[in-house]
Structures are given as structure tokens and as C-alpha cells.
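The values are calculated or read from the model by the stated rules, or taken from the named source; none is laboratory data. Please read these numbers as outputs of a predicted model, since none were measured by experiment. Neighbour counts are summed over all protein chains in view; Cβ atoms, including those assigned to glycine, are modelled from backbone coordinates with ideal geometry.
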Amino acid sequence: MSSIRQFSTFLSVARQGSFAAAGAEVGLSAAAVGLQIRALETGLGYSLFDRRARSIVLNSAGRALVPQAQDLLARYQAMTDVRHDGMAGTVAVGALVSALMGAFADALWQIRRDHPALVVRLFAGQSAAFAQRVEAGELDAAITTQSPRPLPASLHWSPLYSEPMVLIVPRRAPFRLDSHPHEILRQAPFLRFDRQLWTGDLVSEVLSRCRLQVREELEVNSVETLVALVRQGYGVSIIPKLANVDWGRDRGLRVLEIPGQHVERRVGLLERATHPRQAFTQAIKQHFRGQRKRASGGSRPADSTKLPARALV
């Protein structure tokens with residue numbers, strides 16, 4: 001009879017495309033993974049992969065089994081989580097590095113403190129890549145920016161908090177800095193966030209609304225790298241003003257509002273419409289609802305830990 005572990009290993013091989021990569025993910029040797037897959041195929045009575053010289057590929061039966069195996073594991077996980085109200089075992093979550101350095105870190109810390117039986121595996125990366133991995137079931141959820149394009153019907157995005165887009169400039173610049181943000185953007189070397197990424201779309205929107213042409217020097221795919229480069233005087237940049245970072249204490253850069261625009265980066269929770277880790281994702285959303293409620297009452301969230309901007313690097 002096939003086991004739950006064999007189905008779990010099967011899904012790992014389906015995701016990774018090789019026994020070796022799947023073994024690294026689940027903590028087994030490639031040979032042990034191969035034995036589990038062969039045992040699963042024997043128990044089912046049909047093959048799941050087309051074996052080639054240096055790779056394996058899901059066949060039609062294997063592709064058909066993937067959603068069934070995912071449902072089976074979800075049901076099994078739900079049964080094992082009953083005594084912990086669904087807050088036990090391992091949950092795989094993707095998150096923007098900037099979110100890990102800011103507001104999401106507080107939420108995660110509180111949930112882990114309240115639910116010690118829960119193990120969270122964190123994966124840092126970019127929003128667009130996370131959307132694909134959540135849809136494929138590789139991640140239970142991800143903290144992403146709002147997509148500039150419609151998401152598949154199988155995915156659901158819930159807003160958690162917003163960060164205004166601002167101009168950052170070095171306190172000691174090797175170039176002339178005008179007093180007006182628009183003139184700074186026109187004249188100073190501009191370090192741009194990667195326009196292929198979702199946050200890059202917001203930078204383009206800011207410049208478009210202000211009708212500004214900039215002197216582009218570099219294009220970078222990381223908020224943290226942009227902060228470090230501006231701090232060292234390589235140029236100026238437009239970035240989201242990360243929540244939970246004390247920008248006023250940064251000795252290397254200044255944060256300026258940009259007149260004529262009100263663009264914000266909206267950060268939220270991306271998950272499948274139905275999945276076995278809804279207790280965890282609901283706890284994340286509840287944390288931020290509580291934060292907004294406390295903020296509207298004029299009090300600071302009790303668990304908030306204000307991070308200095310220097311912590312970004």
C-alpha cells in the first residue's frame with residue numbers, strides 16, 4: 001500500500017524535476033527517492049514518469065495524479081493539525097526581503113511565539129516568482145506586493161499594509177543636490193528599481209505622474225541594495241518607505257516626499273483560494289487587522305519593534 005510519505009516525495013520530484021533535487025528538498029538521497037517512487041508506482045500499478053538519460057518527466061498519469069496527491073496531503077495535514085487548531089507542523093512561506101526586515105517580521109514573531117508547534121520555512125525572493133510557486137503548491141503562501149496584472153482565479157491576494165513611494169538621497173553627496181525633489185530627480189544620478197519587477201512598475205508610475213525625466217545610472221532588483229548605494233553617494237532613488245524602519249535615525253541618507261504623486265506599494269498575502277494552511281494565513285491577516293485597529297485608536301502595536309534603517313544592510 002502506498003504511504004503518505006511516498007506521495008509527498010512524488011510531489012517533490014514533480015516540482016524539482018529530478019531525484020537528486022527532490023532528495024535535497026526532503027532530506028533523502030537520490031537513491032532513496034528513486035526507491036520511494038518505484039514503490040509508489042508499484043502500489044498504484046502504473047508509471048508516473050518518463051525516464052530519460054539525464055532527467056525524468058511527468059507522464060500523463062503523473063500529471064493527473066499531482067492535484068489528487070496535493071488534496072490527499074492537505075487532508076492528512078488537516079487531520080494531524082486538529083489538536084493544534086491547524087497551527088502545527090511545517091508551513092512554507094515566501095517573503096520579500098524588505099518585508100522580512102519590516103512589518104512582516106513582527107507578525108511572524110508573534111505567531112511563532114503563540115504557536116510553538118508551528119515550524120515556518122521562509123524563502124526570500126521576488127513577488128512575480130512567488131506567484132508561480134504559490135500557484136504550483138510549492139509555497140503555502142507568500143508576502144508580495146500587489147500585482148500590476150490580474151492574477152489567476154486560483155490565487156487570492158489580501159492587502160496587509162501600504163508603504164508610500166519616496167525619494168532617498170545621500171546626506172553627503174559628491175554631486176549637487178537641489179532643494180526640490182523634482183529637480184533632484186532631474187539632475188542627480190538615478191538608481192532605478194528593476195522595471196521588470198512589480199515594485200519597478202510603481203517607480204515608473206511615480207515618474208510618469210510627475211512628468212519627470214531622470215538620468216539613469218543603474219538598474220537594481222533590490223530595495224536593500226538601492227539603500228546601500230544611495231547611502232554611499234552613488235546617486236538617488238525612489239523606493240517604498242519600508243514600514244517599521246526608523247528612517248530618521250539613518251546617518252547616511254535622507255527620505256523626501258515627492259510632490260505631485262500619491263503612489264503607494266501595497267503589501268499583502270498571496271495564497272491559493274483553498275489550501276490546508278488557512279489557519280496560518282488567517283492568523284497573519286488577523287495580526288495586521290489588529291495593527292490597523294490599534295493605529296486608528298492612536299496607540300502603537302505592543303509587539304512592534306522599530307528597526308533602524310541601518311539594519312537593512
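Quick notes on this one:
- Residue count, the range 1-27 (criterion: more than 27 Å from the chain's Cα centre (by Cα) and not in a helix (DSSP H, G or I)): 3
- Taking every residue in the range 5-23 that is within 13 Å of GLN70 (Cα to Cα) and crowded, with 21+ Cβ neighbours inside 10 Å and pairing it with any residue that is β-branched (Val, Ile, Thr) and at pLDDT 85 or above, at least 6 positions away or on another chain, the pairs with Cβ-Cβ distances below 6 Å are THR9/VAL33; ALA14/VAL66.
- Which numbered condition GLY248 misses (of (1) in a helix (DSSP H, G or I); (2) within 24 Å of the chain's Cα centre (by Cα); (3) among the small types (Gly, Ala, Ser)): (2)
- The residues on offer are ARG251, ARG300, and the sole one that is at pLDDT below 90 and either exposed (fewer than 13 other Cβ atoms within 10 Å of the Cβ) or closer than 30 Å to ARG121 by Cα (or both) is ARG300.
- Residue tally, condition within 35 Å of the chain's Cα centre (by Cα) and of a type in the set (Phe, Trp, Tyr), over the range 42-63: 1
- Elements of the type strands (runs of 3 or more DSSP E) sitting completely within the range 113-175 and holding at least 1 residues that are assigned by TED's automatic domain parsing to the domain that holds ARG251 and within 29 Å of VAL255 (Cα to Cα): these cover 155-170.
- In the range 36-59, the qualifying residues are those that are touching a helix residue (DSSP H, G or I) at 6+ places or on another chain (Cβ under 8 Å) and closer than 19 Å to GLY23 by Cα, and the one that is surrounded by the most Cβ atoms within 10 Å (Cβ to Cβ) is GLN36.
- Checked against the criterion of being among the hydrophobic types (A, V, I, L, M, F, W, C), modelled with pLDDT under 90, farther than 20 Å from ARG186 by Cβ and not in a loop (DSSP other than H, G, I, E, B), the range 261-283 contains one or more residues that satisfy it.
- Pick from the range 218-241, criterion surrounded by 22 or more Cβ atoms within 10 Å (Cβ to Cβ) and in contact with an Asp or Glu (Cβ under 6 Å, 6 or more places away or on another chain), ranking: farthest from GLU205 (Cα to Cα): GLY235
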